[in-house]
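Asker: Right, I'll just put the structure down here and ask away after.
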Amino acid sequence: MTLTASLIRDRSLTDRQGNLNMTRSSTHNPLHTVSHSTLTLKKATWEEYRNAFRACRDATRKAKAHLELKLARGVKNNKKGFFNYVSSKRKARDNVGPLLNEAGVLVTEDAEKAELLNAFFASVFTVKAIP
């Protein structure tokens with residue numbers, strides 16, 4: 001059995017039917033066990049590690065797409081699960097940390113930070129005419 005096949009069949013990543021688990025422990029860092037045990041104990045090559053990483057990444061993406069498809073199909077029967085998932089994806093950071101202006105002064109007020117960011121992006125995305 002290859003390294004990649006053994007990782008996909010690992011109980012920490014799959015359930016009894018062989019489907020990828022979407023629990024916090026399996027999706028938080030699926031390569032933690034792989035990188036430690038494979039690289040330190042088994043002395044795997046970089047190609048084996050890269051292939052294992054890609055297999056885990058692809059399996060995680062496939063499981064996420066499957067979960068989203070299952071939630072979308074079952075929205076009429078499971079509205080709570082669907083809207084919990086949507087609300088978890090809508091959460092965003094609402095604050096910007098302190099910034100330094102051109103003079104090197106720390107800017108903490110929201111209006112000043114907005115003006116500073118506006119001036120920066122305007123200078124970056126403005127096309128200057130070349131004489």
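Asker: For the range 36-55, enumerate the residues that are modelled with pLDDT of 80 or more and surrounded by 10 or more Cβ atoms within 10 Å (Cβ to Cβ).
Answerer: Here is the first cut: in the range 36-55, the residues modelled with pLDDT of 80 or more are 45-55.
Answer for the range 36-55, where residues must be modelled with pLDDT of 80 or more and surrounded by 10 or more Cβ atoms within 10 Å (Cβ to Cβ): T45, E48, Y49, R50, N51, A52, F53, R54, A55.
Asker: Restricting the range 85-131 to residues that are under 25 Å from the mean Cα position of the chain (by Cα) and among the β-branched types (V, I, T), which is least open to solvent (accessible area, probe 1.4 Å)? Steps first, please.
Answerer: Going residue by residue through the range 85-131, those that are under 25 Å from the mean Cα position of the chain (by Cα) are 85-97.
Applying the additional criterion that residues be among the β-branched types (V, I, T) yields 86, 96.
Details: V86: 50, V96: 78 Å².
Checking each candidate, the answer is V86.
Asker: On to the next question. Of the residues in the range 67-84, how many are without any contact (Cβ under 8 Å) to a residue 12 or more places away in the chain, open to solvent by 60 Å² or more (accessible area, probe 1.4 Å) and in a helix (DSSP H, G or I)?
Answerer: Of all residues in the range 67-84, those without any contact (Cβ under 8 Å) to a residue 12 or more places away in the chain come to 69-70, 72-84.
Next, only the ones that are open to solvent by 60 Å² or more (accessible area, probe 1.4 Å) stay: 69-70, 73, 76-80, 83-84.
Now drop any that are not in a helix (DSSP H, G or I), which leaves 69-70, 73, 79-80, 83-84.
Summing the residues that are without any contact (Cβ under 8 Å) to a residue 12 or more places away in the chain, open to solvent by 60 Å² or more (accessible area, probe 1.4 Å) and in a helix (DSSP H, G or I) in the range 67-84 gives 7.
The values are calculated or read from the model by the stated rules, or taken from the named source; none is laboratory data. All figures in this text were calculated on a predicted structure; none of them were measured in a lab. Please note: Cβ atoms are built from the backbone with ideal geometry, for glycine as well, and neighbour counts cover all protein chains shown. Ligands, DNA and RNA are excluded from the accessible area calculation, which covers all protein heavy atoms including side chains. Shrake-Rupley method; radii C 1.70, N 1.55, O 1.52, S 1.80 Å.
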